[in-house]
1. T506 to T569: extension gain in nm, 0.36 nm per residue of separation minus the Cα-Cα distance?
2. For T49 and A255, FRET efficiency with R0 = 60 Å and r from the beta-carbon atoms, rounded to 0.05?
3. Need one word for the range 385-436: rounded, prolate or oblate. Basis is the Cα gyration tensor (sqrt eigenvalues a ≥ b ≥ c); a/c below 1.5 gives rounded, then a/b vs b/c decides.
4. Sketch the reach of a paramagnetic label on C434 as a point 7 Å from Cα along Cα-to-Cβ, and name the residues of the range 454-468 whose backbone nitrogen lies under 19 Å away.
5. Treat each spin label as a single point 7 Å out from the Cα along the C-beta direction, and report the E560 to W28 distance in nm.
6. Do any trypsin sites (Lys or Arg not before Pro) in the range 411-491 lie in a loop, going by DSSP, with at most 10 other beta-carbon atoms within 10 Å of their beta carbon, and if so which?
7. Shape call for the range 432-569 from the C-alpha gyration tensor, a ≥ b ≥ c root eigenvalues: rounded (a/c under 1.5), prolate (a/b greater than b/c) or oblate?
8. Residue by residue through the range 604-615, which ³J(HN,Hα) values in whole Hz follow from phi under the Karplus form 6.51 cos²θ - 1.76 cosθ + 1.60 (θ = phi - 60°), with glycine and proline marked x?
Amino acid sequence: MEFRKAGWKTRLKRFALAADSRLDAGLWSAARRGGEIYERLRSHTDRLTVTGGRRLLAELASEGLNIGIVGAVFVLMLALPAFRIGNEEALKSQVFAVTFLDRYGNPIGHRGARHDDSLKLEDMPDHLLKAVLATEDRRFYDHFGIDVIGTLRAVTVNARASGVVQGGSSLTQQLAKNLFLSNERSIDRKIKEAFLALWLEYRLSKNEILKLYLDRAYMGGGTFGAAAAAEYYFGKSVKDVSLAEAAMLAGLFKAPTKYAPHVNLPAARARASDVLSAMVDAGFMTAGQVDGARRNPATPIDRKRDLSPDYYLDWAFEQVKELAEAGKLGADRVLTVKTAHDGPIQQRADEAIETILRQHGPSYRVKQAATVVMDPDGAVRAIVGGRDYGASQFNRATASLRQPGSSFKPYVYAAALSAGLYRPNTIVSDRPVCIGNWCPNNYGRSYAGAMPLYVAMAKSINTIPVQMSIAIGKAAGDTHEARAALLGRKRIVATARAMGLTSPLTDTVSLPIGAAEVTVIDQAAGYAVFANGGKRAKPYAAIDILNSQGELIYNHGRDEPEPQQVLSTQVVQDMNFMLAKVPTEGTGRRAALDGIVGAGKSGTTNGYKDAWYVGYTGNLVEAVWFGNDDTAETANLTGGSLPAMTFKEIMQFAHQGLELKPIPGVPADPKAANVAAAAGTAPAMAARGASAGPMPRQSFEALSAVGSLFRQVEPARAGARPLQVGIREISGGETRLR
């Protein structure tokens, strides 16, 4: 056995030695062969060795190649986002071209591009094309999408002027921005714009790029493209515009809102003169050729009497685009939209706001106002987004976030009633209450003691909503006062969101008394829940939408889900009982409607920066806001003053001829029908030779239609296309197009 073990170990050692020798031999052999290969390569490379100036050039070329490779990879990384955006579908896709009708079927305006596919680039006037190229991109036909020379020139000019005087983007870059990007001022956007311009130049001819640019650019006044702008501003085809008119159109590309002739004619003419000078500088025309256009500048159509509801149309257009993005409208983008817009109510709202601001604005130091009128189901009848659309297109009714003040309290009360903690007759105490170091005060800096809850609502007591937030949190299980208040505010925010508020609603201790920010249209939607019996009322404009073939592709009642019940019937009735006390016994007395049962709530913020009145009847809901764009303080303006007055002026007229519907939970006034039929103002009565007195709303609409017809007589005689006025019939309190 011992012998066998010794033999096994000997064989193992021999095997290991043999393997080691083979490994050593292999490595030595590989090293020798490697050395031979190295020597051969060295002998070959020695022949390529350069010295002196040639070596310097070789080193520079090598480093340049390395830097170029790294740079190419970096540029490719920058280009990837642009490559993802740019695609053939975007070029082929239709631009929205929407015609809007009011609830009676009458045209009220257009939004989007108005393309004429039969109009080729060759059909456009030569002086229009020269005017555009002279002012936007003189080297358009010479560059590859990015005008390097023009960019360097712009940088030099801007550096000398210490500001942006001249733009450096080529026409192709501007088209890339219009087609694929936003107006955001950022390096990222400029990089994408540059690569997309190169892509456009690769895919399209120069003439195709120019045609797209002329069709897609925004030209002010809600128009897109030179053809639509020529029709809107001058009432003629773009093929027929004169040199002076072409210069004015070309001047719009730089700043369409600033130089729109219906907004600021002197500025538009000055800009047109600059365009004419640019045409001479570029060598496209001589000074003598443009002299006539200078001495006889273009005169646009008078749009001062244009009663187009622009704020409403802007909002409705965004609604249509959202429906399209949701896939509810198919691929067609040439649409006809029948909206819930009510022309007479819109006109009265515009007039009421302008009149009240003109009469009382200076004394209250308030310059702006906004309002939304809607049906209880969310169908928006009228929007006033500001005092003057021509001066400012910012829609304060749909986009501006302002503190609601006490007009937010109904959401707090609704949350508390939904928790089962209060009823209208519950006795509450107006007393000092603090959360941490914050202690709210009432408007009069005093406390009223015990009172029924409905009185606290009518008198707009500030301490009660704060107490409610604490009570809601404690009922949810947290006995610590500060934590209970936090939990209560979360429940309040949830209730407000369920009722229709879409803004962030930042949580602060003062949220229950209106410190969070809301929009006017959201306020109207929120109060509509009280008017319709507790259902969510999402604001909408489109009732029916037809495609370019006249086919019905969308109907709101058919294609939208049933509204969600967000408040119980009992809570709604209790809230309406309390809110109906505000215009009769509380802070909204100036909003009380003659012979019509209404409800609502006023609101005023700290420093009197915002003043609100939001109210409703069984038929309509309206939210009114007054304030200043720069959030400057007013002169003690409260929601119970100008906002309440505006509410009454508009709503009193809006109910003319309507069959009055009751507010859920509020007893109807037996005299309301007779009084409402005779209520309202009638500015047109004097025109009929009668003394000032009431006029039914149907008569107002009929006279408006007749007036529109007479206003079209002169243009028709002058050869213009006459406006077709629809004949209306009265049925069930509504006026419809026959």
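1. Details: separation 63, 0.36 × 63 = 22.68 nm, distance 2.88 nm.
So the extension gain works out to 19.8 nm.
2. Working: r = 64 Å, r/R0 = 1.06.
The pair A255/T49 has a calculated efficiency of 0.40.
3. Values: a/c = 3.84, a/b = 2.63, b/c = 1.46.
The shape class here is prolate.
4. So the set is 462-468.
5. Placing both labels 7 Å beyond Cα along the Cβ direction yields 9.3 nm.
6. Values: sites: R445, K459, K474, R483, R489, K490, R491; in loops: R445, K459.
Qualifying residues, ordered by number: R445.
7. Details: a/c = 2.73, a/b = 2.43, b/c = 1.13.
It comes out prolate by the Cα gyration axes.
8. For the range 604-615, the Karplus curve yields 9, 9, 4, x, 6, 7, 9, 10, 10, 9, 10, x Hz.
Bear in mind these aren't lab numbers, they're just calculated from the coordinates by the rules spelled out. This is a predicted model, so every value here is computed, not measured. Here the Cβ is made from the backbone with ideal geometry for all residues, glycine too, and neighbour counts use every protein chain on show.
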